[in-house]
Amino acid sequence: MMEKDVLTLGIESSCDETAAAVVRNGREVLSNVISSQIDLHTVYGGVVPEIASRKHVENIIPVIRQSLSEAGVTLQEIDHIAVTYGPGLVGALLVGVSAGKAIAFAAGKPLTGVNHIAGHVAANYIASPELEPPFAALIVSGGHTHLAVVEDYLSFRIVGATRDDAAGEAFDKVARAVGLGYPGGPKIDKAAKDGDPDAIPFPKAKVEGAAYDFSFSGLKSAVLNYLNHEKLAGRAVNTNDLAASFQKAVTDVLTEHTMALLRETGLKKLALAGGVASNSALREKMKKACDKNGTQLFLPPPILCTDNAAMIASAGYYAYIGGRRDGWSLNAVPGLKLS
Ligand code: KG4
Ligand code: ZN
């Protein structure tokens, strides 16, 4: 344990949320401000990168100011600044990285670049102060689907990933196809509650020779084919049944692969992360499976599952106490890998 408290200012702008947060010692949230642009992008049916960047420019300073004032601290009292530098949209990332560097330079504070995916995992450190590595993690968001072993705070072993669409992307595309709108995940989740998950037998895709990898594009095509087929036959589609059946196909595969990893590694702790970790069917299925084999399940509340800066501050804190420092050459890396 460090003798003195470390206050981290976290900054996140990788996609369509402008966010800033103040976190004490990587675990205790003093403020967590999120300015969402979802309404702006809804009319286009998805995130428009140019619009996202421009909105980040407008929002970033007010959001950072608000995070400091809600935490009741001044910039001078901050010990360290953590900013997402990838993966994400390059123009969006650049806004946060530039703001983080400028503020760190002006205030004379150390700066740490954070991998957004590592940030999603760290949401669990905030939600569950007792959680420590090693543990297994399933990271499922709009841009990523990873199955990983978190060996230590700064060391990840990716054992599986999607070969095509991310899980959240599949939810968004299917929702759009059935007219539920954007973002699709929460809408499918809601519609599925009134549907029969066994109504339509959608395929559960496996990747030959890679037990932990995922593939969702075949499932998405199966949904589109089903919609076309029903339309040609003049039959009305029950959206609730379709949502429930599609959601079952996705969450069954996610749960089965994760349980196989727990069996193989003997790990007794599992953490979920990312926007899709809010999905109610996934949470229920994982809970049941974990209860059955004696695994402790860590589920952040939905506000920490979606993009936020508290998780970035937490991941940044562990990098900071591990000695990582970034200079003024820190740049946005849109395709940044987790290693
Ligand atoms: O982590 P996140 O906020 O942003 C990324 O880093 O991508 O994840 C957003 C994704 C979107 O695809 C959204 O549709 C999905 O998470 N999502 C859900 C749910 N809530 C959000 N997917 C399924 N069920 C939900 N309840
Ligand atoms: Zn994210």
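Coupling constants for region 319-331 follow from the phi torsions by the Karplus curve (6.51 cos²θ - 1.76 cosθ + 1.60, θ = phi - 60°), and in residue order they are 5, 5, 6, x, x, 6, 9, 10, x, 6, 8, 3, 10 Hz; glycine and proline get x. A simple packing score, the average count of other Cβ atoms within 10 Å per residue, orders the peptides 228-237, 8-17, 56-65, 141-150 as 8-17, 141-150, 56-65, 228-237, with the highest score first.
On C-alpha positions alone, give me the angle between the axis of helix 49-71 and the longest principal axis of the chain, in degrees, nearest 10. Roughly 50 degrees between the two axes. The residue list Gly218, Phe246, His229 was ranked by how far each Cα lies along the charge dipole of region 133-299 toward its positive end, using unit charges on Cβ atoms, and Phe246 comes out on top. Taking amide H as placed 1.01 Å from N in the peptide plane, the amide H of Val6 sits under 5 Å from that of Asn25, each at least 5 places away or on another chain.
Based on the mean of other Cβ atoms within 10 Å per residue, sort peptides 174-184, 79-89 so the most packed one is first.
Numbers: 174-184: 19.2, 79-89: 25.4.
Order by mean packing, descending: 79-89, 174-184.
The mean of 1/r over all distinct Cα pairs in region 1-82, once inverted, gives the Kirkwood hydrodynamic radius of 13.5 Å. Charged side chains reduced to their Cβ positions (Lys and Arg at +1, Asp and Glu at -1) give the chain a dipole of some 280 debye around its Cα centre.
Length gain on complete extension for the stretch Glu284 to Lys206, per 0.36 nm per residue less the alpha carbon to alpha carbon distance? Provide the component values of the computation, followed by the final result.
Working: separation 78, 0.36 × 78 = 28.08 nm, distance 2.20 nm.
Length gained between Glu284 and Lys206: 25.9 nm.
Straight-distance candidates among the lysines for linking to Lys101, with alpha-carbon spacing under 30 Å and chain neighbours fewer than 8 residues away dropped: Lys4, Lys55, Lys109, Lys337. The orientation-averaged projection of the convex hull spanning the C-alpha atoms of the chain amounts to 17.2 square nanometres. Bridgeable lysines around Lys190 (alpha carbons under 20 Å apart, same-chain partners fewer than 8 residues away excluded): Lys173, Lys220, Lys248, Lys285, Lys287.
Extension gain for Glu50 to Lys190 (0.36 nm times residue separation, less C-alpha to C-alpha distance): 47.4 nm.
Evaluate the relative contact order of the chain (contact order divided by residue number), counting alpha-carbon pairs under 8 angstrom at least 6 apart; express in whole percent. Numbers along the way, then the final one.
Numbers: 764 pairs, mean separation 86.8, N = 339.
It comes to 26 percent, rounded to a whole number.
Taking every protein chain into account, the accessible area of the chain amounts to 42 square angstrom per residue (probe 1.4 Å). Annotation: amide H-H contacts under 5 Å for Thr162 (H modelled 1.01 Å from N, sequence separation of 5 or more, or interchain): Thr145, Phe214. Based on the Cβ-Cβ distance of Arg157 and Arg324, what FRET efficiency does E = 1/(1 + (r/R0)^6) give at R0 = 30 Å, to the nearest 0.05? Efficiency computed from Cβ-Cβ geometry: 0.95.
Expressed to the nearest 5 percent, the antiparallel share of DSSP beta bridges inside the chain is 60 percent.
What is the helix-to-structure angle for 217-232, meaning the angle in degrees between its Cα long axis and the longest Cα principal axis of the chain, kept from 0 to 90 and rounded to the nearest 10? In the chain, helix 217-232 runs at an angle near 40 degrees to the longest axis. The convex hull defined by the C-alpha atoms of region 187-339 has an orientation-averaged projected area of 12.5 nm².
For region 185-239, what does the alpha-carbon gyration tensor say about shape, rounded, prolate or oblate, given a ≥ b ≥ c as the root eigenvalues, a/c under 1.5 as rounded, and a/b over b/c as prolate? Oblate shape, in that a/c is at least 1.5 and b/c is the bigger or equal ratio. The mean sequence distance of close C-alpha pairs (under 8 Å, at least 6 residues apart), as a share of the length of region 133-299, puts its relative contact order at 27 percent. Relative to the dominant Cα principal axis of the chain, helix 280-293 is inclined by about 90°.
In deg cm²/dmol, rounded to 500, what helix-only [θ] at 222 nm does the chain give when every DSSP H run of at least 4 residues adds -39500 (n - 2.57) and the total is split over its residues?
Details: 11 runs with 151 residues, N = 339.
Mean residue ellipticity at 222 nm (helix-derived): -14500 deg cm²/dmol.
The values are calculated or read from the model by the stated rules, or taken from the named source; none is laboratory data. Owing to the predicted nature of the structure, the values given are computational and were not obtained by experimental measurement. Every residue, glycine as well, gets a Cβ built from its backbone with ideal geometry; the counts of neighbours run over all protein chains shown. Ligands, DNA and RNA are stripped out before the accessible areas are found, and what is left, the full protein with its side chains, is counted by its heavy atoms. Shrake-Rupley method; radii C 1.70, N 1.55, O 1.52, S 1.80 Å.
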